[in-house]
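Colleague: Dropping the structure in here first, questions after.
The values are calculated or read from the model by the stated rules, or taken from the named source; none is laboratory data. A quick note: this is a predicted structure, and the numbers were derived from the prediction, not measured. So basically every Cβ, Gly included, is an ideal-geometry build from the backbone, and we count neighbours across all protein chains shown.
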Amino acid sequence: MSLILSVQDLTMHYTTRKGDVSAVDNVSFDLEKGQSLGLVGESGCGKTSIAFALMRLLPENGLIKDGYIMLDGKDVVAMDYSELLKVRWRKMAMVFQAAMNAFNPVYTIAQQITEALELHLGNISPTQARERITDLFKLVGLEPALMDRYPHEFSGGMRQRAVIAMALSCSPDIIIADEPTTALDVIVQDRILKQIRALQKELNMAMIYISHDIAVIAEVSDRIGVMYAGRMVEMADSRDVFEHPSHPYTYALMGAFPSIKGKRRDLKTLPGEPPDLLNPPPGCRFHPRCPYATDVCREKTPDFQPMDGVTRNDLSHGHYIACWNPLKGVAL
Amino acid sequence: MNAEAITMTDTALVRVEALKKHFPVGGGLFRRAKSHIYAVDDVNFAIQKGKSLGLVGESGCGKTTTGKMLARLHDPTDGHIFLNDMELGKVDLAEVKGTQLKTFRRRVQMIFQDPYESLNPRRTIFDTVVEPLAVQGIGDLIEREERVANLLDLVGLTPADTFMFRFPHELSGGQRQRVAIARALIINPAFIVADEPTSMLDVSIRIGVMQLMQELADRFAVSYLYITHDLAVARYMCQDIAVMYLGKLVEMTETEELLAHPLHPYTQALISAVPIPDPRVQREAIDIKGGIAQPIDPPARCRFYDRCPRADNQCRDNDHPPLEDKGGGHMVACYKV
C-alpha cells in the first residue's frame, strides 16, 4: 500500500511571554491510503496542535521548528499560501471540534459550503454547487432540503453532520477529525461515529481522528497513537495497543478508563499531573509520574522505535514505543 | 401529604415525591405564559443513608434541574423532598423558608460541573473553603483555619498551608475540583448533589477525584445524588442508577442490574450507544428514531412515544406510564415491559 502522508520529526513551539511552550516534540507517523489513525491523549498533549500544523492553520505564535510533513511528495511545511490553498480541503480537510463555531451564523449552510467549493475548486456554477451539496447532504444523512437553513436552525448532531459534509466537499484524500463528537450526547455521538467510519471506508479516505476518549478511538481507528506531553509514546494497530499496551502511560490511561461492559474492575489512579510544557522534565517526559522510572529515564529521552527491533520503511505498520522500560505481558 | 405522614420505618435519607418543575415560556411582565417546559415532571425516588444514586440522561432531560431543586437552588413547582436527618429530623425541603433554609443548607451541599466557573477568582482557596463556616457562624478563626487545613489535607491538596492562600488560577482543573469538594464537605453535610463533577477533567485526573469522592463518602457517611451523562462513571460512583428522559424517570434499579438487564427501550438504546474501550468488542446496535426534543406542553402519552421502537396505540392513548416495580426492585416506566 502506498503512503499518503508522512510526518517526520515534527517539532512545534508556541512562543509566549513566559517562554517557548514545547507543544509537539519530534513526532513521526505515517499514514496509508484508506487507513485511520487515532491520536489519543489528554488535554495539552499536542494532538490538536498536530492537526493544526498539518493544515498549517497554527496561530501566529505557533511555529514549526523542525521536521517535515510530506503529502504526495511535497512538504507542507515549506509551502507558500497559494500552494496551501491547493492542498487544503482538496487533499486534506478538517472536521473541527466546536461545530457551533465552525459555521458563520449569518450565512446559510449552502452558502458556506459553496464558498469552500468556489475557493478550492475554482469555477463552479451555482447549479453545480447545489448538486454537489445535495449529494454531500445525502452522504452524511441530512435532508438536502435543509441546506438553505442557518446554522442556528440545526441541532448539535445535525450541525456536526453539516461540518462533515463541508469537509468532504472537495473529496479530500485525508480527513482530520478533531474531537468531532465531544460535545454531543451519547446516542448522537454513536450515530456520528458510525457515519464517519462508514464514509471513511466507503470513500477510502485516510483519517486522523483525534480524541481524549480512548473508547471512541477504539471504535474508529485501525491504528492508535498515544501522545503524552507533546510526544508520541506508543503507536500500533488498535488491537495490539489494547492487547499489549507497552508504554506505562498507555497502560495507565487504559486502566483509568471506566467501561460499562465486562466485570467491574478497580480503576487505577495515575499520580500527579501532566508537566508544564514551558519547562518539560528532562529525559522521558512521563518519568515523574511513572512507577517504573529508573535513572536513565530521568536523564535521556527514549527513542521512538519498533518493539520487535525490526526496521521498516515507514511507521504505518508495526508496534512502536518510546520507553526505556517497556511493559511486557502485564494484564490489565 | 406532610412530613408526619411518612411511616416511622422509612429509612431513606432523602425521599422525593411527585417532584415537579415547570418553567414558563413566552410569558412577560403582564402576560401569563402560554406554555411551560415540563423540565421535571412527577419524579419519585429515594436515597438510602450512605448510598449514592446516579441520575443519568442526555442534556436537557431535567437531571440538573432535579439536582438544583434538591439543593433548593430552584424552588419546586410542586411535590415534596423529605430529608430524614439526625440533626434536623424529618423536613420537607420543598417547604422550608427563611432561617430554616439556612439551617438546611448546613445539611445539603452542591458540587458543580465546571471548577473554572464555580470558584471566585478573586478569593483565596482559604476564603472559598471557609465561607460556609463563616455564613453558618461555626467556630472562631483559629478553629476554622484548622478545619480548612485538615480538609485540604484530606482532599489531597497537601501540604495544606501551601495551598490555603493561593488563588484558583494557580491551580489545575483537578485541584480546583478538590477545592470545590472541600468547600462542600466543610460543614459536614448529610447529602451532596454532585452535578457532573468530573466531566471537565482529564482521564488520569478524573479517576483520582472519583476515588476521593468515594473515600470521603465512606469517611463522613455522606450520600450523593450523582448527576452525569456518562453511564460508565455512574457505574463506579453509585449503588443505584435512575435514568431520566424528558423530565420523567424511565428506569431505576441497582447499578449492575441496570447495565446487565436494561428493560426500558430508552435505557437499552442509551447503553448500546456507549463506546467500549476495546476494539475487540462489537456492540449490538439498538437505534432509536429522531432526536431529543424539549418537553414544552407535552401531550398526555408516553414521553418516549415518538422515538420508541416498541410503541403502539396503548402508549399513545394513555398518559405517561407510572414507574413500577417489575420484580426485585427494578423500577420501569413502560407499558411494554
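Colleague: Would it be correct to say that A:Ser238 is buried (at least 21 other Cβ atoms within 10 Å of the Cβ), within 9 Å of chain B (Cβ to nearest Cβ) and modelled with pLDDT of 90 or more?
Modeller: Numbers: buried (at least 21 other Cβ atoms within 10 Å of the Cβ): yes; within 9 Å of chain B (Cβ to nearest Cβ): yes; modelled with pLDDT of 90 or more: yes.
Yes, satisfied.
Colleague: Mind listing just one residue for me: the one in segment A:196-226 that is polar (S, T, N, Q) and out of contact with any helix residue (DSSP H, G or I) (no Cβ under 7 Å at 6 or more places or on another chain) and, of those, farthest from the other protein chains (Cβ to nearest Cβ)?
Modeller: Here the residue is A:Asn204.
Colleague: Hey, another quick one. What number of residues within segment A:102-114 are outside any loop (DSSP other than H, G, I, E, B) and at pLDDT 90 or above?
Modeller: 6
To keep it simple, each residue is scored yes or no on (1) surrounded by fewer than 21 Cβ atoms within 10 Å (Cβ to Cβ); (2) touching an Asp or Glu at 6+ places or on another chain (Cβ under 9 Å); (3) touching a residue at least 12 places away in the same chain (Cβ under 8 Å).
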position: B:Asp153; (1), (2), (3): yes, no, no
position: B:Glu170; (1), (2), (3): yes, no, no
position: B:Gly173; (1), (2), (3): yes, yes, yes
position: B:Leu246; (1), (2), (3): no, yes, yes
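Colleague: Can B:Arg166 be described as in a helix (DSSP H, G or I) and either at pLDDT below 90 or not hydroxyl-bearing (Ser, Thr, Tyr) (or both)? Lay out the reasoning, then the answer.
Modeller: Numbers: in a helix (DSSP H, G or I): no; either at pLDDT below 90 or not hydroxyl-bearing (Ser, Thr, Tyr) (or both): yes.
For B:Arg166, the condition - in a helix (DSSP H, G or I) and either at pLDDT below 90 or not hydroxyl-bearing (Ser, Thr, Tyr) (or both) - is not met.
Colleague: Inspect segment B:56-65 for any residue being hydroxyl-bearing (Ser, Thr, Tyr), surrounded by fewer than 20 Cβ atoms within 10 Å (Cβ to Cβ) and assigned to a loop (DSSP other than H, G, I, E, B) and give the result as yes or no.
Modeller: yes
Colleague: Got a number for residues in segment B:77-89 being more than 18 Å from the chain's Cα centre (by Cα) and within 17 Å of B:Ala190 (Cβ to Cβ)?
Modeller: 5
Colleague: Working only within segment A:259-276, note down all residues that are more than 8 Å from every other protein chain (Cβ to nearest Cβ) and of a type in the set (Asp, Glu).
Modeller: A:Asp266, A:Asp276
Colleague: Now, a different point. Could you grab me the full set of residues in segment A:35-80 that are acidic (Asp, Glu) and within 18 Å of the chain's Cα centre (by Cα)?
Modeller: A:Glu42
Colleague: Something else now. Quick one: count up the residues across segment B:249-285 that are buried (at least 17 other Cβ atoms within 10 Å of the Cβ), facing chain A (nearest Cβ under 10 Å) and either within 26 Å of A:Phe154 (Cα to Cα) or of a type outside the set (Asp, Glu) (or both).
Modeller: The number of residues fulfilling the criteria is 14.
Colleague: Check whether at least one residue in segment A:277-287 is modelled with pLDDT of 90 or more and within 12 Å of chain B (Cβ to nearest Cβ), and report yes or no.
Modeller: Within segment A:277-287, one or more residues are modelled with pLDDT of 90 or more and within 12 Å of chain B (Cβ to nearest Cβ).
Colleague: Within segment A:138-160, work out how many residues are within 24 Å of the chain's Cα centre (by Cα), not basic (Lys, Arg) and not in a loop (DSSP other than H, G, I, E, B). Working first, answer last.
Modeller: Taking segment A:138-160 first, the residues within 24 Å of the chain's Cα centre (by Cα) are A:139-141, A:156-160.
In the following step, the residues that additionally are not basic (Lys, Arg) were identified as A:139-141, A:156-158, A:160.
If we keep only those that are not in a loop (DSSP other than H, G, I, E, B) too, we end up with A:139, A:156-158, A:160.
The total comes to 5.
Colleague: Inside segment B:59-111, can you point out the residues that are touching a residue at least 40 places away in the same chain (Cβ under 8 Å) and of a type in the set (A, V, I, L, M)?
Modeller: Correct list: B:Met69, B:Leu70, B:Ala71, B:Ile81, B:Leu83, B:Met86, B:Val91, B:Ala94, B:Val108, B:Met110, B:Ile111.
Colleague: Which residue out of A:Asp190, A:Asp178 is at the interface with chain B (Cβ under 9 Å from one of its Cβ atoms) and either touching a helix residue (DSSP H, G or I) at 6+ places or on another chain (Cβ under 6 Å) or among the basic types (Lys, Arg) (or both)?
Modeller: One residue alone meets the criteria, A:Asp190.
Colleague: Being β-branched (Val, Ile, Thr) and at pLDDT below 90: is that true of A:Thr134 here? Please lay out each step first, then the result.
Modeller: Numbers: β-branched (Val, Ile, Thr): yes; at pLDDT below 90: no.
No: the conditions fail for A:Thr134.
Colleague: Out of the residues in segment B:90-127 that are more than 18 Å from B:Val193 (Cβ to Cβ), among the β-branched types (Val, Ile, Thr) and surrounded by 14 or more Cβ atoms within 10 Å (Cβ to Cβ), state the one that is farthest from the chain's Cα centre (by Cα).
Modeller: B:Thr124
Colleague: In segment A:249-258, which residues are in contact (Cβ under 8 Å) with a residue 40 or more places away in the chain and either in contact with a strand residue (DSSP E or B) (Cβ under 6 Å, 6 or more places away or on another chain) or more than 12 Å from chain B (Cβ to nearest Cβ) (or both)?
Modeller: The one that is in contact (Cβ under 8 Å) with a residue 40 or more places away in the chain and either in contact with a strand residue (DSSP E or B) (Cβ under 6 Å, 6 or more places away or on another chain) or more than 12 Å from chain B (Cβ to nearest Cβ) (or both): A:Tyr249.
Colleague: Right, something else. Could you grab me the full set of residues in segment B:188-210 that are of a type in the set (A, V, I, L, M, F, W, C), over 28 Å from A:Tyr249 (Cβ atoms) and in a loop (DSSP other than H, G, I, E, B)? Working first, answer last.
Modeller: Of segment B:188-210, the ones of a type in the set (A, V, I, L, M, F, W, C) are B:190-194, B:200-201, B:203, B:205, B:207, B:209-210.
Then keep just the ones that are over 28 Å from A:Tyr249 (Cβ atoms); that gives B:190-194.
Residue satisfying the conditions is B:Ala190 alone.
Colleague: Could you identify the single residue in B:Met244, B:Met213, B:Met252 that is within 27 Å of B:Leu19 (Cβ to Cβ) and in contact with a Lys or Arg (Cβ under 7 Å, 6 or more places away or on another chain)?
Modeller: B:Met244
Colleague: Another question, if that's okay. Would you be able to say whether some residue in segment A:133-149 is closer than 30 Å to B:Val56 by Cα and touching a Phe, Trp or Tyr at 6+ places or on another chain (Cβ under 8 Å)?
Modeller: The answer is no; no qualifying residue exists.
Colleague: In segment A:297-308, is there at least one residue being at pLDDT below 90 and either more than 22 Å from the chain's Cα centre (by Cα) or of a type in the set (Gly, Ala, Ser) (or both)?
Modeller: For segment A:297-308, residues at pLDDT below 90 and either more than 22 Å from the chain's Cα centre (by Cα) or of a type in the set (Gly, Ala, Ser) (or both): present.
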